[in-house]
1. Taking chain A as a Gaussian network, where each spring joins two C-alpha atoms under 10 Å apart, which residue of A:Arg119, A:Arg200, A:Arg180 fluctuates the most?
2. What size of dipole, in debye to the nearest 20, comes out for the protein assembly as shown about its Cα centre when the only charges are +1 on Lys and Arg C-beta atoms and -1 on Asp and Glu C-beta atoms?
3. Among A:Val186, A:Val144, rank each residue by its count of other Cβ atoms within 10 Å, from fewest to most, as a rough exposure measure.
4. How about segment B:150-215: which GluC sites (Glu not before Pro) there lie in a loop by DSSP and see at most 14 other Cβ atoms within 10 Å?
5. Determine the relative contact order of segment A:70-263: mean sequence separation of Cα pairs under 8 Å and six or more apart, normalised by residue count, in whole percent.
6. Just add up the charged neighbours of B:His225: K/R +1, D/E -1, any other residue whose Cβ is under 14 Å from the Cβ of B:His225.
7. Could you tell me how many cubic angstrom of Cα convex hull volume chain B has per residue?
8. Scan around A:Ala220 for amide H atoms under 5 Å from its own, H built in the peptide plane at 1.01 Å from N, and keep only partners 5 or more places away or cross-chain.
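Each reported figure results from applying straightforward, stated rules to the coordinates on display, with no laboratory input. For clarity, every value in this text was computed on a predicted model and none was experimentally measured. Heads up, the Cβs are rebuilt from the backbone with ideal geometry, glycines too, and the neighbour counts pull from every protein chain shown.
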Amino acid sequence: MAGSPRSPGRGAPRARVQRSAVAAGLVVALLAAWYLTTGPLELVNSLQFPSPDDAYEALRQLTSPGYAGATLARHIADSLALVGLGFVAATLTGIPLGILMGSSRLAEAYINPVFQLIRPIAPIAWIPLTILWFGLGTAAKVFVVWLAAFSPAAINAFTGVRNVDPVLIAAARVHGASARQVLSQVVIPASLPTIFTGLRVSLQACWMVLVAAELVGSFAGLGHIMIIATRDLNSGMIFVAMACVALLGVALSVALAWVERWAVPWRR
Amino acid sequence: MDEVSFVVAEREFVAIVGPSGCGKTTLLRMAAGLDFPTGGAVRVGDRQIDGPGSDRAVVFQQFALFPWKTVADNIAFGLKCRGTAESARQEIVSHYVALMGLQGYERAFPHQLSGGMQQRVAIARSYALEPSVLLMDEPFGALDAQTRVGMQEELVRLSRINPRTVLFITHSVEEAVYLADRVVVMTRRPGRIREIVEVTPVRRREGWDACERIEDVMDQESFVHLRTHIWKLLREQHGASAH
């Protein structure tokens with residue numbers, strides 16, 4: 001084995017330590033500024049933005065007795081399930097469709113116009129219609145999440161397939177690969193990096209529309225916490241829900257990056 | 001391209017030289033079945049070519065290795081497509097790994113190798129199929145001068161151990177004379193054959209094969225003579241097109 005692959009872009013260990021020190025310092029400074037402006041300095045009214053104490057209090061209330069009809073764990077589970085279902089559905093439908101459009105001009109001619117027509121409509125603009133179709137239940141929200149995550153997945157799969165180096169396809173053909181082998185052995189692996197770029201965008205889109213969908217109508221979930229907390233003028237509760245969305249979003253992105261590293265080990 | 005017609009005999013190494021734009025790469029792509037002539041035909045044996053096939057494997061200038069496959073899997077690619085059994089495949093792969101000096105790199109990915117090593121893998125990938133014609137499209141064009149010389153010597157060694165029918169495109173006259181049995185000299189616009197230069201009789205007579213190193217061959221008066229002859233053919237048309 002010719003040495004393990006390096007991961008450039010991370011630089012020398014010393015530079016890396018320096019960078020994490022800067023990142024950590026910035027987080028500490030932000031937390032300090034938060035504490036000072038909302039607490040001792042009294043620059044910001046706690047109704048507009050919670051102090052760390054308010055946020056902690058809200059978090060405690062959420063975890064043990066619960067708030068807005070459920071405990072934090074239940075709300076998170078609800079939101080995660082919606083994101084998970086929508087994202088998986090978008091992956092399973094968007095990627096094959098993108099690959100189909102990328103490898104067949106005919107399929108592109110049929111599908112692309114519909115796609116171009118639907119794409120400018122913001123996914124949240126579908127919410128009213130989906131409520132009429134599916135009611136306020138899970139199905140409506142999964143549908144909207146799927147809709148938001150679908151286009152980045154499909155478009156990137158399409159772009160990935162279209163940008164496969166033609167010399168690699170030629171190399172496969174002159175070494176005896178059939179059309180099917182060219183697709184499975186060359187086109188799909190070559191497009192994987194672009195496909196994953198699409199999935200990262202999809203995942204972000206999932207979180208964005210999820211909260212919007214839950215704001216409109218739901219019985220649990222992080223968006224539901226926010227809408228109830230607005231009624232209660234509880235800024236601490238809103239803050240906790242937002243922080244949960246941020247942390248979960250980061251956690252899922254990290255998980256996706258792990259999957260990518262496993263699926264695309266040859267990437268420099 | 002116009003009125004280009006020549007025959008490559010079995011186990012013969014034919015090089016095509018010509019100015020860029022003379023259509024030598026197009027010629028090779030037609031032989032590979034990647035492009036098609038507007039008139040005329042390309043045949044292997046009695047069969048007219050109607051598409052790519054593993055009987056005419058190509059070594060590309062850009063190596064064209066599959067970045068997601070290890071060295072061993074790249075070499076095994078064509079065999080796998082062909083449906084060669086696992087055990088036979090492994091045997092052939094390890095044979096070519098040893099022959100090309102790639103031992104210890106079987107599990108490496110292409111990006112971990114130098115250009116010269118990558119091209120060895122690509123050559124092994126094509127040789128492993130034992131194609132009836134091996135097509136090489138400026139295979140050493142992307143390598144630095146030293147690596148290039150090493151690979152040229154390697155190819156001569158390989159052709160002696162395992163002689164195959166080879167069609168080799170290059171713009172290096174030295175490379176063509178050093179490697180080939182015959183050199184096809186082409187002209188530009190229209191791409192035509194200017195002359196087909198026989199190298200083998202000279203090589204045999206002057207005992208080039210006794211020389212271990214490329215520079216010893218290139219020092220021979222007979223080599224210089226042939227090289228100058230081809231250069232003049234190429235320069236003639238260059239002068240003509242400058243008018």
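1. Top of the fluctuation ranking is A:Arg180.
2. Working: 47 positive and 41 negative charges, 56 e Å.
Here the protein assembly as shown has a charge dipole of around 260 debye.
3. On the way: A:Val186 23, A:Val144 27.
Ranked by crowding around the Cβ, least crowded first: A:Val186, A:Val144.
4. Details: sites: B:Glu153, B:Glu154, B:Glu174, B:Glu175, B:Glu195, B:Glu198, B:Glu206, B:Glu212, B:Glu215; in loops: B:Glu212.
Within segment B:150-215, the qualifying GluC sites (Glu not before Pro) (loop, at most 14 other Cβ atoms within 10 Å) are B:Glu212.
5. Working: 229 pairs, mean separation 52.6, N = 194.
Relative contact order, segment A:70-263: 27 percent.
6. Values: positive: B:Arg203, B:Arg205, B:Arg227, B:Lys232; negative: B:Glu174, B:Glu198, B:Glu206, B:Asp219, B:Glu221.
My count for the surroundings of B:His225 gives -1.
7. It is 132 Å³ per residue.
8. Counting only residues 5 or more places away or on other chains, the set is empty.
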